[in-house]
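Reviewing the structure listed below.
All of the numbers you see were taken from the coordinates with simple rules; none came from a lab. Since we're looking at a predicted model, the values are computed, not measured. Glycine gets a Cβ as well: all are built from the backbone with ideal geometry, and neighbour counts include every protein chain shown.
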Amino acid sequence: MTIHLLTHRNTDSFYDRTDAHDGDIFLLTGKGAGVTLEGLDNTTLLFMGHDQRALLENTGRTTIFDEGQGTHFIFTEGDKLITIYDFQHDKTGFILGIQTATLAVHFVASSDGHGGTMLTGNGLKIDLVGDKHVLDSQHS
């Protein structure tokens with residue numbers, strides 16, 4: 001397991017960590033910091049700043065803590081559970097699922113069975129733990 005500290009954007013898009021492995025932890029602290037992850041499993045992401053972004057492509061089990069503001073999550077296909085904590089405090093946060101470059105996934109919101117919201121669509125399962133009032137405007 002490796003902890004990756006991301007404090008800025010490396011390019012105009014996302015900070016890409018190609019040396020990441022299953023089980024790694026990513027801590028994003030700087031304004032606008034971002035990460036692109038592909039095919040990782042048992043990964044943890046902690047968002048601590050403003051206007052941060054994550055692109056998760058075919059990612060396995062992932063745990064996310066959203067302690068920031070304006071965090072944007074973009075997910076592609078997947079069949080493992082994505083768990084997001086504290087999203088209810090990020091009123092400017094956004095979750096987007098994409099099926100192709102031009103086709104967004106329509107998420108269906110339902111109860112997660114323990115006081116939060118489950119978003120499902122295109123094989124994706126995103127559990128917003130403790131967030132029973134996710135706004136329609138916060139997800140595709």
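Brief remarks on what is shown
- In segment 22-95, the trypsin sites (Lys or Arg not before Pro) that fall in loop regions by DSSP, at most 12 other Cβ within 10 Å: K91
- Residues considered: T71, T59, T92. Largest GNM mean-square fluctuation over the chain, using C-alpha springs under 10 Å, is found at T92.
- Sequence-distant residues sharing a close amide H with L124 (under 5 Å, placed H): G78
- Distance (nanometres) between label positions extended 7 Å along Cα→Cβ at L81 and D22: 1.8 nm
- Of I98, I126, I84, the residue with the greatest mean-square motion in the GNM of the chain, using alpha carbon springs below 10 Å, is I98.
- Within a Gaussian network of the chain (alpha carbon springs, distance under 10 Å), most fluctuating of D19, D41, D66: D19
- Extended-chain gain in nm, criterion 0.36 nm per residue less alpha-carbon gap, M1 and H89: 28.8 nm
- Amide H contacts of D112 (H built 1.01 Å from N, under 5 Å, at least 5 apart or other chain): T117, M118
- One decimal place: the segment T29-S110 gains 26.0 nm when fully extended, by the rule 0.36 nm per residue minus the C-alpha distance.
- Relative contact order computed over segment 3-138 (Cα-Cα under 8 Å; 6+ residues apart), in percent: 16 percent
- Matching label, semi-axes √(5λ) of the Cα gyration tensor in Å computed from the structure shown, candidates (i) 33, 20, 12; (ii) 24, 21, 13; (iii) 22, 16, 15: (iii)
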